[in-house]
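Undergrad: Sharing a structure, written as structure tokens. Questions coming.
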Amino acid sequence: MAESDTWEKREDLGNAREVLEEFERRMNVEVRKQERINMAEERDFRRGELLGKYTAKLLYGWCQDR
């Protein structure tokens with residue numbers, strides 16, 4: 001149960017070193033994967049935003065500089 005969980009110092013977990021290293025490796029892979037997803041989503045958003053601004057300017061004469 002969560003009530004019995006404790007925080008331990010890394011140096012006190014010598015017998016779990018391999019498990020910790022594997023966990024950290026997997027987490028790093030997941031973080032990098034999520035960063036790539038976030039960058040792709042941001043790139044796609046910017047593409048859509050530019051298209052929207054261009055369409056508004058073309059159709060309605062709207063310009064952000066005004």
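Here, each number is a calculation from the coordinates, and none is a lab measurement. Worth saying up front: this structure is predicted, and the values here are computed from it rather than measured. In this analysis, Cβ positions are derived from the backbone assuming ideal geometry, glycine residues included, and neighbour counts consider all displayed protein chains.
Undergrad: Mind computing the radius of gyration and Dmax over the alpha-carbon atoms of the range 1-41? Å is fine for both.
TA: Considering the range 1-41 through its Cα atoms, Rg and Dmax are 14.8, 41 Å.
Undergrad: Taking the Cβ of residue 28 as the centre, find all other residues whose Cβ is under 12 Å away and add up their charges (Lys, Arg: +1; Asp, Glu: -1).
TA: Net charge around residue 28: -1.
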